Amino acid sequence: MAYKKKEECPKPPAWLTSFSDLMSLLLTFFILLYAMSTLEIPALEKFLSYFRKNPKLYPPKNSVVPPIIHPKDYAVKIKKRISKVLPPWAYQVVVSEEYIKLRLFDKIFFKDGDYRLTEKGKKTLEEIAPLLIALSDEISSIRVEGHVSPTVEIKNPLIRNRWELAGRRATEVIRYLENRGVAHDKLVAVSYGDKRPLYRWRQSILIERNNRVEINIYVKKEKK
């Protein structure tokens, strides 16, 4: 009686072994993910407490960490308020990493050749003051600089020169902000006279724009 020869099973390809190992690893990975997703919070906190040398250094579970505000965020709010009162050509907002510079030009902000504020100027500061008060904890100082052009015509007999006119304009802005509730210990007035022109061209329009007040709002730096 003849016996049938057993059929030999062909050997699997070599890559199949690696593929099966990969499937096993993937299964393990998904099981691990599922286990982590159902981890009990009390057990996790107890586990982490062993690695904390001083629990007081960590904020409470329900505490809210205040966001860090960039100067650009302040600038957007300030510009939005000023735009309610002044036309675009009457001011400029410049932003850096440390401060916000607000340029206010004298033709609409001050009386001609004088240091006294116009009604538009007062309304502008009234729009700015509440924001400066609200952000007082985030502001280190507010530096108000007075600038004039060499061709400015002084029309107030009490003002002797350009340097004094620029200084009186800066102090007038500070006085008004302080009266509106801005902390006086954050306010600083500086006069540059005609020594720091914004424009050096000889066109009369640009020369007039050198007559300005700049409010520099310095933001507190993040502690590292």
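Each reported figure results from applying straightforward, stated rules to the coordinates on display, with no laboratory input. Because the structure is predicted, anything quoted here is derived from the model rather than measured. We place every Cβ from the backbone using ideal geometry, glycine too, and count neighbours over all the protein chains shown.
Details
- With neighbour counts taken as other beta-carbon atoms within 10 Å, the residues Leu206, Leu117 rank, fewest first, as Leu206, Leu117.
- Under 5 Å, built H, 5+ apart or other chain: amide partners of Ser96: Lys101
- The residues packed around Phe109, meaning those with a beta-carbon under 12 Å from its beta-carbon, carry a net charge of +4 if Lys and Arg are +1 and Asp and Glu are -1.
- Gain on full extension, evaluated as 0.36 nm per residue between Arg116 and Trp89 minus their Cα-Cα distance, stands at 7.7 nm.
- Checking every one of the trypsin sites (Lys or Arg not before Pro) in segment 78-140 against DSSP loop status and a limit of 16 other Cβ atoms within 10 Å picks out Lys84, Lys111, Arg116.
- The phi-based Karplus calculation (6.51 cos²θ - 1.76 cosθ + 1.60; θ = phi - 60°) puts the 3J(HN,Hα) values of segment 75-92 at 4, 4, 5, 5, 4, 5, 6, 5, 4, 6, 10, 9, x, x, 6, 8, 8, 9 Hz, whole numbers, x for Gly and Pro.
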